[in-house]
1. For the chain, what percent of Cα pairs sit more than 21 Å apart?
2. Leaving out ligands, DNA and RNA, what percent of the accessible area of the chain is carbon and sulfur, probe 1.4 Å?
3. Which whole-number percent gives the relative contact order of the chain, counting Cα pairs below 8 Å spaced six or more residues apart?
4. Taking the dipole about the Cα centre of the chain, with the C-beta of Lys and Arg at +1 and of Asp and Glu at -1, give me whichever of Phe96, Ser111, Pro156 is farthest to the positive side.
5. Mind putting a number on the dipole of the chain about its Cα centre? Charges go on the C-beta only, +1 for Lys and Arg and -1 for Asp and Glu, and I need it in Debye to the nearest 20.
6. Longest exposed-loop-site-free stretch of the chain, with chymotrypsin sites (Phe, Trp or Tyr not before Pro), DSSP loop and at most 14 other Cβ within 10 Å?
7. Find out how many positive minus negative residues lie around Leu77, taking Lys and Arg as positive, Asp and Glu as negative, among other residues whose Cβ is under 10 Å from that of Leu77.
8. Go through Val110, Val78, Val132 and list them by solvent-accessible area, largest first, probe radius 1.4 Å.
Amino acid sequence: MLLQTLAAAILALALQATAAPQHITQRDNSDLSLTAQLRLADTATERYALLPDDKDFVFDFYNTDNPIATTANFPPLVGTGISFNVGQLPACSMSFVHLHPRATELFNLVSGHVLSEMIPESVFDTEGNQRVIKTELNPGQLTIFPAGSFHTQINPDCEPANFTAAFTSDEFSVSMVARQVFSFTDDVISATFGQTIAGEDIEKVRDAIPTTLAIKVEECLSKCGKEKR
């Protein structure tokens, strides 16, 4: 009798799982975006019903202008807490110092050679200095940048470095440290830097901050016989 009751319960749950509500599956009749509908779905079964085409589960990193898979461009990631990047750090370049406020990054080097620097939360060495964690990565090696940590990656060689990166958020963001710091008012910046930068110098620094994500490394350019563009 107990086995029959258990079997009946399992069958009932299976039938319930396959019966997705009609109002959820009718995405064409909804004013909400697909991502919003996926977030509002009560169960994983309902989310699968909103993605009826098998092609919905494929993201092509090589045929997109933005090779970072997040919920914004790859809806199956909704609710997973994961996003993923396939990228390349050009020869003689450095990624702008940045941080991810909502995600820890796992950075894996596929080819090439990369140096990284990372400043975690207020962690100090035995002499009271802010700790800076420096790594040297070769193919097949991985490092971690915890959420909120300042970090950068440097390609010191004459060939591109290819990497993959996983993030612990399905909608992670990037904060560009220098540009955001210098978006404060002049008085705040002047006080923050101990009055060493003030007046017209602040504006000069603002104008000098690059807008690209990769900065050319002068020493490497000279070594490789390349010109800065």
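1. On the way: 18100 of 26106 pairs.
So the pairs more than 21 Å apart make up 69 percent of the total in the chain.
2. On the way: 8270 of 14550 Å².
Heavy-atom surface of the chain belonging to carbon and sulfur, 1.4 Å probe: 57 percent.
3. Details: 388 pairs, mean separation 48.4, N = 229.
Rounded, it is 21 percent for the chain.
4. Most positive-ward Cα: Ser111.
5. Values: 15 positive and 28 negative charges, 58 e Å.
Result for the chain is approximately 280 debye, rounded to the nearest 20.
6. Working: sites that count: Phe61, Tyr62, Phe184, Phe193.
By the stated rule (loop sites, at most 14 other Cβ atoms within 10 Å), 63-183.
7. Details: positive: none; negative: Asp170, Glu171.
With Lys, Arg at +1 and Asp, Glu at -1, the net is -2.
8. Working: Val110 80, Val78 10, Val132 60 Å².
My answer, sorted largest first, is Val110, Val132, Val78.
The values are calculated or read from the model by the stated rules, or taken from the named source; none is laboratory data. Note that this is a predicted model, so its numbers are computed, not measured. Positions of Cβ are generated from backbone atoms using ideal geometry, with glycine treated the same way; all protein chains shown enter the neighbour counts. These accessible areas exclude ligands, DNA and RNA; they are computed on the full protein's heavy atoms, side chains included. Shrake-Rupley method; radii C 1.70, N 1.55, O 1.52, S 1.80 Å.
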